[in-house]
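Data first, discussion second: the structure below is written as structure tokens.
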Amino acid sequence: VSVPIGDPKEIEEIFDTISYKKGSSLIRMMSLFLGEEVVRKGVSNYLRKHEFSNAEQDDLWESLTEEAHKNKILPQNLTVKTIMDTWTLQTGYPVITVTRNYKKKTADISQRRYLRDIINSKDAHNSCWWVPLTYSTRSHLNFNKTTPEHWLSCPSQPQTLNDIADEKDWIIFNNDMAGIYKVNYDDENWKLIIKFLQTGDYTRIPTLNRVQLLSDAADLAFVGNLKYDIFFDLVKYLRSEIEYLPWKAALSKTTGLTTHLKKSPIYGLYKDYMKKVLTPIYEKVGGLVVPTSSADKLDAIKLQVLVASKACKFEVANCITHSQNLFKTLSENPNATNPIPKDLRGVVYCTSLKHGGEKEWDFLWKKFQASNVATEKNTILSALGCSSEVSLLKRYLDWSLDDAKIRRQDSSSVFSAVARNDVGYYIAKNFFYDNVKQIFKHLQPNKRRISRYLASLSSQMTDDKEQEELEQFIEKNKENFSDVKKGVEQSLETVKINIQWQNKHAESIRKILTKYSVE
């Protein structure tokens, strides 16, 4: 998060998703392990002390340490700088492994860096962090307690926690998902958690910790640290889940699976599995009809939009025909009040274009031109990339380089919308490879946007041939790509990791899906 700059050109590139998302997560983690009052007073003292003068990161840490020691939140030999330097000055974050001895009621805790690249695993064994450890058990639900009683230190020393939980109790680390770390358990503890989640008491594990369990299980399975069976068994409890965030976590993880499986012979099995997962919740949220009870509840609406978009993709219930009927009503009376609920328009537009033709596309394009509402224009811009008609997608990409049709700052959004589409991916890839010089010229002076084009393609590349093709293409155009070195590195790494996944998991996923198809 805190990086030295060697060249002014690098400044813009470092303001990426990592600096924003990891930065905000670190502030949340710090305020939870110190306590809100300590942070408030520490920041206030820091601002007063450095009023009208310059300050740096360490000055803030010093003020917070003084306040933390005064309130006995941190031991005297531990400072905020010692802790936070391990989080802000090095890349990545850890995975904590918890191995229980059920007879002795103890747990061994160790840490190492979490890496998605499992072959060239960089400095996984040298990295370490000061990790605030909090936990809850079935008998002691301390999920609200985020000030740690134990720390994993750096340099890293494994720890043994005694008298931690009864043999039949599960244990969950990282109360309220306060720390930026993933947690892996021994298989038995995972089984105890899964069993409990499938009871009516699952809400005794708070929403954020349910999110964490789903997210960690998926990510640990992705890199081979956990059997995929555990993630799929965990997902079973979702038939009872009605909160937005756990569904968002689970479905965002299955999006990755969709990317990997959609070109494979087992995609049909996967599609059937997703139908089974989505059908109950699609009916619960009301399909494409917004119930009056949830009309003013933001999370309920977000859940409905999320579920509806996946339901239409996997052809659940009447999702496609309902979308087409709503779209037909709109196109027959374009000047009447829009019959499609505002929040579901993106889903309905996209589904109708995917299963429609030129008539539907042209109607929506005219609607885009006539609209003067920015959110509506963005929704339509994205939906226009959902068509399955090759000629329409080619034309749309051509228009993305025509200022008279599409605003220059929206060009990369049009490209991403087409590239996300199963049919559009190949068209977008060829368009990019054939027109890269023109695209660079069109994006001037903000060449950095080319990284978005690369990211849209690399996220869906899953075989060696595509990797080789991309590397040769970048090498051939290295002069143009020299200004986006970071974007190029990230894209090449994404492809490499995708290929690793295919080699490691394709067969085990086939077996799991076959098992679920007969359940």
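Per the 1.4 Å probe, what fraction of the accessible area of region 406-519, in percent, lies on carbon and sulfur atoms? Percent of accessible area from carbon and sulfur atoms in region 406-519: 47. Under Stokes-Einstein, with the Kirkwood radius over Cα pairs as Rh, the value for region 447-519 at 4 °C and 1.567 mPa s is 95 µm²/s.
Divide the volume of the convex hull around the Cα atoms of region 97-207 by the residue count and you get 115 Å³ per residue. Of interest is the spacing of the C-alpha centroids, which for region 22-48 and region 58-87 amounts to 10 Å. Most tightly packed first, judged by the mean number of other beta-carbon atoms within 10 Å of their residues, the peptides 394-402, 449-457 read 449-457, 394-402.
Across all directions, the shadow cast by the convex hull of region 311-393 built on its C-alpha atoms averages 5.1 square nanometres. Taking every protein chain into account, the 1.4 Å probe leaves residue 347 with about 10 Å² of accessible area, to the nearest ten.
The alpha carbons of region 154-227 stretch over 42, 32, 25 Å along the principal axes, in descending order. Ranking of 355, 505 by solvent-accessible surface, largest first: 355, 505 (1.4 Å probe, protein heavy atoms only, all chains present). Accessible surface for region 194-337, divided over its residues, is 43 Å² per residue with a 1.4 Å probe.
So if I take the alpha carbon set of region 58-108, get Rg, then get Rh from the Kirkwood formula, what is the Rg over Rh ratio? Value, to two decimals: 1.18. From the P(r) of region 45-141, can you give the percent of Cα pairs sitting at distances over 16 Å? When every Cα pair of region 45-141 is considered, 70 percent fall beyond 16 Å. The fraction of accessible area contributed by carbon and sulfur in region 176-233 is 49 percent, rounded to a whole number (1.4 Å probe; ligands and nucleic acids excluded). Each of the peptides 264-274, 319-329 was scored by the mean count of other Cβ atoms within 10 Å over its residues; in descending order, highest first, they stand as 319-329, 264-274. A Cβ-based charge dipole, computed about the Cα centre of region 379-418 with Lys and Arg at +1 and Asp and Glu at -1, lands at about 20 debye. Using Cβ point charges alone (K and R +1, D and E -1), the dipole size of region 44-92 about the Cα centre works out to roughly 220 debye.
Pair-distance distribution of region 254-382: all C-alpha pairs, bin width 5 Å, starting at 0; shares per bin in whole percent are 2, 10, 19, 21, 20, 15, 10, 4, 1, 0. Note on region 357-480: Rg/Rh from C-alpha atoms, Kirkwood Rh, equals 0.97. Report summary: the helix-based calculation at 222 nm, which adds -39500 (n - 2.57) for every DSSP H run with n ≥ 4 and divides by the residues of the chain, gives -18000 deg cm²/dmol. Peptides 359-366, 189-196, 403-410, 301-308 ranked from most to least packed by the mean count of surrounding Cβ atoms within 10 Å: 301-308, 189-196, 359-366, 403-410. For residue 101, the residues whose amide H sits under 5 Å from its own are 106, 107, 108, ignoring neighbours fewer than 5 places away on the same chain, with H placed 1.01 Å from N. The residue among 94, 370, 257 whose Cα reaches farthest toward the positive pole of the charge dipole of the chain, with charges on the beta-carbon of Lys, Arg, Asp and Glu, is 370.
Between the listed residues 217, 190, 273, the Cα displaced farthest toward the positive end of the dipole of region 178-285, a dipole computed from Cβ unit charges relative to the Cα centre, is found at 273. Dimensions of the chain based on its C-alpha atoms, expressed as ranges along the principal axes with the largest first, amount to 70, 58, 46 Å.
Relative to the 2.2 N^0.38 Å rule of thumb, region 185-318 has a C-alpha radius of gyration ratio of 1.06.
Using only side-chain charges placed at the Cβ, +1 for Lys and Arg and -1 for Asp and Glu, the dipole size of the chain relative to its Cα centre rounds to 980 debye.
The values are calculated or read from the model by the stated rules, or taken from the named source; none is laboratory data. Just so it is clear, the structure is predicted and the values come from calculations on it, not from any experiment. FYI the Cβ positions are ideal-geometry reconstructions off the backbone, even for glycines, and counts take in every protein chain you see. Calculation scope for accessible area: heavy atoms of the full protein, side chains included, ligands and nucleic acids excluded. Shrake-Rupley method; radii C 1.70, N 1.55, O 1.52, S 1.80 Å.
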